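The values are calculated or read from the model by the stated rules, or taken from the named source; none is laboratory data. Not measured: the values here are computed from a predicted model. Here the Cβ positions follow ideal geometry from the backbone for every residue, glycine too, while neighbour counts run over all protein chains shown.
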Amino acid sequence: MDFAQVIKDRYSCKKYDGKPVTVEQLSSILEAGRLAPTAKNLQEQHIYVVQSAEGLAKIDKLTPCRYGAPTVLVVAFNKDSVFTYLGGKHSSGAEDAAIVATHLMLAATNAAVDSCWINFFDPEAAAKALGLPENRPALDVNAACSGFLYGTAVARGLLATLGGQYALVIGCEALSRLMDPADRSTCVLFGDGAGAAIFRLADTPFALTLGARGSDVLHAGGPDRY
């Protein structure tokens with residue numbers, strides 16, 4: 001859709017037919033939020049997708065303004081990752097979240113999905129009701145071949161000490177750019193790859209078991225593979 005037409009067609013919908021948003025539509029909308037500009041490109045925004053009956057019931061207790069929408073996107077930000085303006089009294093958090101939300105709504109219109117901006121709720125009550133984390137660390141670990149396993153151990157340690165139930169561990173390797181393709185004694189041994197897993201903290205003893213494929217590829221006793 002032409003961008004000028006998107007701006008013209010966007011409106012605040014106050015009545016929804018209950019038709020679910022498709023995966024393709026939701027993915028395009030979330031991608032627009034991910035690409036939204038933030039101060040100093042700190043990207044402190046977090047977008048939570050609420051679609052379950054339980055989650056939507058919580059939204060209805062927080063505000064009367066869901067209007068029957070089957071999907072609610074909650075935009076939050078990490079207050080420890082925002083840009084602080086000169087004077088030290090104000091930060092970019094709310095402004096960045098507003099920019100992200102605007103991108104989401106425009107992308108929704110482009111995907112033929114109606115939307116409505118809602119801020120008629122208590123932010124602190126919403127965070128508590130939805131179980132939003134206070135602030136969670138994100139870090140980069142360089143540990144060569146053992147990087148993913150080391151990252152798993154780090155995730156367990158952070159969950160055990162800082163609290164929380166889940167951790168996302170992402171591993172990637174791009175060695176082909178460092179290898180000499182003419183050196184067949186080494187280039188065939190190293191390649192590129194990536195993988196990710198969500199872990200859940202468990203009470204079982206911490207251990208790693210490696211397999212060959214699928215669900216057998218990794219088991220971590222604490223956190224467990226989820």
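Quick check: anything in the stretch 152-165 among the polar types (S, T, N, Q), surrounded by 12 or more Cβ atoms within 10 Å (Cβ to Cβ) and either assigned to a strand (DSSP E or B) or in contact with an Asp or Glu (Cβ under 7 Å, 6 or more places away or on another chain) (or both)?
No.
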### Message
When you scan the stretch 56-74, do you find a residue that is modelled with pLDDT of 90 or more and under 13 Å from ALA36 (Cα atoms), even just one?
### Response
no
### Message
Which pairs turn up if I take residues in the stretch 149-174 that are more than 25 Å from PHE190 (Cβ to Cβ) and look for partners that are among the hydroxyl-bearing types (Ser, Thr, Tyr) with beta carbon separation below 8 Å, at least 6 apart in sequence or on another chain?
### Response
LEU159/TYR166; TYR166/TYR226
### Query
How do the pairs read when you match residues in the stretch 34-46 that are within 14 Å of HIS103 (Cα to Cα) with residues anywhere that are among the charged types (D, E, K, R) and part of a loop (DSSP other than H, G, I, E, B), using Cβ under 8 Å and keeping only pairs 6 or more apart or on different chains?
THR38/GLU44
### Query
Hey, which of the helices (runs of 4 or more DSSP H) in the stretch 28-145, taking only ones fully inside, have at least 1 residues that are buried (at least 16 other Cβ atoms within 10 Å of the Cβ) and within 16 Å of the chain's Cα centre (by Cα)?
93-110, 123-130
### the stretch 1-27 - residue that is of a type in the set (S, T, N, Q) and within 18 Å of ALA69 (Cα to Cα) and, of those, surrounded by the most Cβ atoms within 10 Å (Cβ to Cβ)
GLN25
